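Working notes for the structure below.
Taken together, the values in this text are just the output of simple stated rules run on the coordinates, not laboratory data. These numbers were taken from a predicted model, which means no experiment stands behind them. Don't worry about glycine lacking a Cβ; one is built from the backbone with ideal geometry, like all the others, and counts go over all protein chains shown.
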Amino acid sequence: MRRLWLQLHRWIALSFGWLLALVALLGAALVVAPALDRWANPQLFHSNHAPGAATAPMEPIRQHLLAEFGPSSSLTLRPPRQADDTLWVRVRGGSWSGTVYFDPSTGAEQGRRGQHEGAYNLLFELHSELLMGESGKAVLTIMAAAYVLLLVGGLVLWWPRSWPPRLRVEWRQGLMRALFDLHRTAGALLGVLILVSIVTGAYMAWAPMRGWVSQLAGQAPVKAPKVAAVVDGQPPAALDELVSRAQSVFPDGAVGYIHVAGERTRPVQVRLQLPDDPHPNGRSAVYLHPVTGQVLAAQRWNELDLGARAVSVMYPLHTGTLGGPVHEVLTALVGLSLATLGGSGLWLWWRRRRR
């Protein structure tokens, strides 16, 4: 059985190890990438908005973007979260997709960046979908299952005959022996931490997993409400009024995102972060009629189906925001550890092949 586990561990590592190591390295880089992106592009992320100063209305910004990119464009607005933040608007249109940045005080545009432009966007797309869209997310889910087998196989091979185990690295017997000891010891000690990072990433990457979790719990997924037919020519409700009505439903919530669909038959969604929600962007949502402004539904994050509710914990657990700066550092170290395990394992296999 030990020989079988060794073969299984080796061939899974040779098939997926290099890709796991790459994704882990990219994940570690993404922990510090947002801060570096803000530093390198101050024109996009920093405004002159003074604390407590009035903000410009968002409705003129929406009208301006729809006039430029077309009335069927989808817009997702992210209000400022710090005193000097800009207002971000993610545009998904027929002619262009990307993010436009505005000064929240004046509503003036400060810059824009296409969906595939910039080092940060490239890092994120590689890490989250391998530049393959939905197919890449499915591959990442398969990789998560492969890691589970790698972890189980590695623990079986490491399991000592007597306890407590010896966690010593033999540096005096050469580099190969030291790398072998490091690979086994680090895999045994850090394997579960790495597993948490991989499973949470796969859970967020592949949406069908959430449906399976809810189904196993005997719950139906909570869906967005539908909008009754809208008469052509009816002007849409002002965006600022819609946001104000959403905040009146959850007065203690901070607005995380405002999603305006390109189709008028879909509601406007306002996401809010409530004080007890661990998700940094908020998972509670208010859905409003795009023309009348009527509140169609209000969904608190902890009242969603289990599959959707779990995202509130999975996301900050994966990104490291759940436990503040210490957790972010730990998340980066876990990513570097997996990359090191993958690299050392491939190196050991290659050196033994050359003997």
From Cα coordinates alone, what are the radius of gyration and Dmax values for segment 58-155 in angstrom?
18.6, 59
Per-selection Rg to Rh, segment 1-137 - Cα, Kirkwood hydrodynamic radius:
1.16
Taking the alpha-carbon centre of each part, the distance from segment 322-355 to segment 128-148 in Å is 18 Å
Cα-only Rg/Rh for the chain with Kirkwood Rh rounds to 1.05
Between segment 212-271 and segment 287-314, what is the C-alpha centre distance in whole Å?
7 Å
Tell me the chymotrypsin sites (Phe, Trp or Tyr not before Pro) within segment 278-355 that lie in a loop according to DSSP and have at most 12 other beta-carbon atoms within 10 Å.
none
Where nothing but the Cβ of Lys and Arg (+1) and of Asp and Glu (-1) is charged, how large is the charge dipole of the chain around its Cα centre, in debye to the nearest 20?
2340 debye
Take the Cα atoms of segment 228-284, build their convex hull, and give its volume per residue in Å³.
85 Å³
One quarter of the convex hull surface, Cα atoms only: what value does that give for segment 225-355 in nm²?
12.2 nm²
What is the set of long-range amide H partners of ALA297 at a cut-off below 5 Å, with H atoms built 1.01 Å from backbone N?
TYR287
Counting only C-alpha contacts under 8 Å and six or more residues apart, can you give the relative contact order of segment 32-158 as a whole percent?
19 percent
Connecting every pair of Cα atoms under 10 Å apart in the chain and solving the GNM, the largest mean-square fluctuation among ARG90, ARG264, ARG177 falls on ARG177
What translational diffusion coefficient, to the nearest whole µm²/s, does segment 172-223 have by Stokes-Einstein, given a Kirkwood radius computed over alpha-carbon pairs, a temperature of 20 °C and 1.002 mPa s viscosity?
153 µm²/s
Expressed to two decimals, segment 185-276 has a Cα Rg over Rh, using the Kirkwood radius, of 1.14
Which helices of the chain meet both criteria: a Cα extent of 20 Å or more along the helical axis and a mean Kyte-Doolittle score no lower than -0.5, with helices taken as whole DSSP H segments?
18-40, 134-158, 175-205, 324-354
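How high is the relative contact order of the chain, in percent, counting Cα pairs under 8 Å that sit 6 or more residues apart?
For the chain, the relative contact order is 21 percent.
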Among the Cα-Cα pairs of segment 312-355, the proportion with separation greater than 18 Å, in percent, is 47 percent
